[in-house]
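Heads up, the thing below is written out as structure tokens.
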Amino acid sequence: MSAHQEGRDGFFIGWSDRLPRGLGRFLLVLAVLVVGGVSLLGLALSGGVEDPGSGDFDWAAGERTLQGVLTAQPYPVLWLPPAPGRPRAHGVLLSGNGKAGVPIDPATMEGRLVEATGLMLRRGTIEMMQVKGDPTPRDPTVAPDGGSGALVAEPVPLGRWRMVGEICDGKCYAGAMRPSTGLSHRACANLCLIGGIPPVFVSAGAIEGTSFFLMADKDGRRLPDGVRDLVALRVQLEGEVERRGDLLVFKVDLDRARVL
Amino acid sequence: MSASHKPVGWNRTKVLYDAALLAAVAGYILAYLWVGPLIQRTSLPLDEQTLAMKAYGSCAFLMLTLVLCVGPLARLDRRFLPVLYNRRHFGVITFAVAAAHALHVLGWYFAYSHLPQTEALLAADTSYGQLRGFPFIPFGIAALLVLAVLAATSHDFWLSFLTPPVWKALHMGVYAAYALVVMHTALGALQSATNPALAVVVALSVALVGGLHVAAGARERDGAVARAAEVEPGWMATTTVDAIPEDGAVVVHLPDGEPVAVFRHGGRLSAVTNLCAHQNGPLGEGRVVDGCITCPWHGFQYRLEDGCAPPPFTERIATYRLKLDGRRVLLDPRPNAPGTRVEPVPVPGAAA
Ligand code: FES
């Protein structure tokens, strides 16, 4: 093949090792622009990722053992007694390993004093324990406050509210995953709920200084499966809010829920 | 002619091509995963897995965008033809990047559950009755399956097994994959994006792919393309002798849509199908090199007088009969069997 013909009109023939004059430089410039351009684009997109919040496992503390009173409804919570600087009983949400809740039989465990061991997850005021094994019952007579009644304070009604926000799974939100909100994470959040992890509502506004709520149905029980259609979306929910210890529980009237 | 006898396996062009391609992929992914976190303004870093999902997912989207731009770009500016030359490797690497995205999603969002992953895929998101929150993952799975089929059939074995027209039609599925990926992104990542950067990138990408296809289509309409019309029984008027560049062609569309390339070389005219026997490449956009029609896509060659590839190659394409009516070129629209010899028609007054 003659160089004359090959070079004509910049006609490129892939199997020929000789490039038409000028084309080599064009392709080199193109390659440099593309490699440089996409690298900058990757950097820009990565630099602009959303803030996933500050939730994380408390790796530094390692496994801890806590003693408190267990409640199973709407979802398992371990109540720690008030302490200096903490005037109310402190509710620690419970989960199992991975995307599983703690299997608790309310008939035998509700209101009992138990000991639970596991890793803590924390995001702001929210605390969750990833329980290793099962919580072990302790003799109720040695309860730190002398009886579970005082520990799990009577629910205080805070009225009926309409709130805008997002339903998340309590474990990812507390720090098991970053980010843990948004539609991309939806399937994961739903798998957590299927596994029995407590759902939480993160509202745009705050009630009594908190914008984080443990969720229940309007009668204070576990939410039905249908709630999964509302997870990870901007939703408007309505229902009664009540305070138990330092946790706010949002008893949602799902019939009135709206996707925004 | 010796150069054309090289088997088309690995060659320097392909090695350089793949090197540039892999450098671009590595540049993007490393910038996203390693450099990006240095400038992210977040309370705590994102999970590595989530960041990887974002990096590989957006990379696959951009690669699909670019691979779809290559065809029209090469039409609009011949200097992009080398990018088209090894487009199949581009496609296979795109599939690999998309698969990396899917594996990261499976290994994070769909792992650690008591449900097996396949069951979890079906159970985790079933909100088909609503627009906001309509499941976006099935679109991604469908796109990945299409890309998998295209990658698996990209080898020349499948090309000859399926025949070029079927193979080409199958590989048009890349447009379906792109549409699915756009839906996957629009219903998924864009819904939870907290800044508009990704939406801007997706919108610009779709506009670029669409715009380039429209521009290339327009160029094809007013370019070296003619429509044939019957002027005497069995003969159709196509173009004029003077419209055909030396060593180039004018593409003629027959009434049934069949494209024919009328070439001029050494003062003589020959007509062959415009569809290359390799991957249906547009022969009329090629050149005559060493007395052979040379396909612009991968350089397959055919002799002007009989449409046969020079030995040792065996590809053949259909030829057509031509005659002149003054300066008008008349064509018999019935194709000859591939490889049929047709004596080239001398152009009066042209130097051979
Ligand atoms: S299409 Fe590949 S060489 Fe013509």
(message) Counting C-alpha atoms alone, how compact is segment A:156-259: give Rg to one decimal and Dmax as a whole number, in angstrom.
(response) 12.4, 36
(request) Give me a single rounded figure for B:110-123: the average over its residues of other chain Cβ atoms within 10 Å of their Cβ. (result) 4
(request) Please calculate how many Å² of accessible area segment A:156-259 carries per residue, with a 1.4 Å probe and no DNA, RNA or ligand atoms counted. (result) 34 Å²
(request) Could you list, in their original order, any pairs among A:99/A:132; B:14/B:168; A:99/A:171 whose Cα atoms are separated by more than 18 Å? (result) B:14/B:168
(request) With springs only between Cα atoms under 10 Å apart, run a GNM on chain B and tell me which of B:316, B:12, B:78 wobbles the most. (result) B:12
(request) Kindly provide the GluC sites (Glu not before Pro) of segment A:45-148 that DSSP labels as loop, not H, G, I, E or B, and whose Cβ sees at most 12 other Cβ atoms within 10 Å. (result) A:63
(message) Under 8 Å for C-alpha pairs, at least 6 residues apart: give me the relative contact order for segment A:156-259, rounded to a whole percent.
(response) 35 percent
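Could you give the longest part of chain B that holds none of the chymotrypsin sites (Phe, Trp or Tyr not before Pro) found in DSSP loops with at most 15 neighbouring Cβ atoms within 10 Å?
With chymotrypsin sites (Phe, Trp or Tyr not before Pro) excluded where exposed in loops, chain B gives B:129-352 as its longest stretch.
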(request) Taking a probe of 1.4 Å and counting only protein heavy atoms, give the total accessible area buried between chains A and B in Å², rounded to the nearest 100. (result) 5800 Å²
(request) Would you mind computing, in nm to one decimal, how far apart the modelled labels at residue A:65 and residue B:175 are, each placed 7 Å from Cα along Cα→Cβ? (result) 6.8 nm
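Taking a quarter of the surface of the Cα convex hull of segment A:30-189, what do you get in nm²?
13.7 nm²
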(message) Restricting to Cα pairs below 8 Å that are 6+ residues apart, what does the relative contact order work out to for chain B? Please round to a whole percent.
(response) 12 percent
(request) Express the carbon and sulfur contribution to the solvent-accessible surface of the protein assembly as shown as a percent, rounded to the nearest whole number, probe 1.4 angstrom. (result) 61 percent
(request) For residue B:117 and residue B:166, compute 0.36 nm times the residue count separating them, minus their Cα-Cα distance, and round to one decimal in nm. (result) 14.2 nm
(message) If I stretch the segment between residue A:138 and residue A:107 completely, what's the gain in nm (0.36 nm per residue apart, minus their alpha carbon distance), one decimal?
(response) 9.6 nm
(request) Taking chain B as the reference, fit the longest principal axis to its C-alpha atoms, fit the long axis of helix B:137-152 to the helix C-alpha atoms, and give the angle between the two in degrees, 0 to 90, nearest 10. (result) 40 degrees
(message) With a 10 Å cut-off between alpha carbons and a GNM built on chain A, which of A:219, A:51, A:17 moves the most?
(response) A:17
(message) Compute a Gaussian network model of chain B, connecting alpha carbons closer than 10 Å, and tell me which residue from B:73, B:30, B:269 fluctuates the most.
(response) B:30
(request) For the protein assembly as shown, divide the Cα radius of gyration by the Kirkwood radius and give the resulting Rg/Rh value with two decimals. (result) 1.17
(message) As I understand it, the value is the acute angle between the Cα axis of helix A:186-195 and the longest principal axis of the Cα atoms of chain A; what does it come to in degrees, rounded to 10?
(response) 30 degrees
(request) Determine the shielding of peptide B:29-37 by partner chains: average, over its residues, the number of Cβ atoms on other chains within 10 angstrom of each Cβ. (result) 5
(message) If you fit an axis through the alpha-carbon atoms of helix A:23-47 and take the longest principal axis of the Cα set of chain A, what angle between them do you get, 0 to 90°, nearest 10?
(response) 10 degrees
(message) Suppose a student asked you for the relative contact order of segment B:12-222, using Cα pairs under 8 Å spaced at least 6 residues apart; what percent would you report?
(response) 24 percent
(request) Determine the per residue accessible area of chain B with all protein chains present and a 1.4 angstrom probe, expressed in square angstrom. (result) 45 Å²
(request) Provide a whole-number value for the mean count of partner chain Cβ atoms within 10 Å of the Cβ atoms in peptide B:182-190. (result) 1
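Please compute one quarter of the surface area of the Cα convex hull for segment B:1-149 and express it in square nanometres.
If you wrap the Cα atoms of segment B:1-149 in a convex hull and average its projections, you get 13.3 nm².
The values are calculated or read from the model by the stated rules, or taken from the named source; none is laboratory data. Values in this document were obtained by computation on a predicted structure and should not be read as measured data. Neighbour counts run over all protein chains shown; Cβ positions are idealised from the backbone, glycine included. Just so you know, the surface numbers come from the protein's heavy atoms only, side chains and all, with ligands and any DNA or RNA stripped out. Shrake-Rupley method; radii C 1.70, N 1.55, O 1.52, S 1.80 Å.
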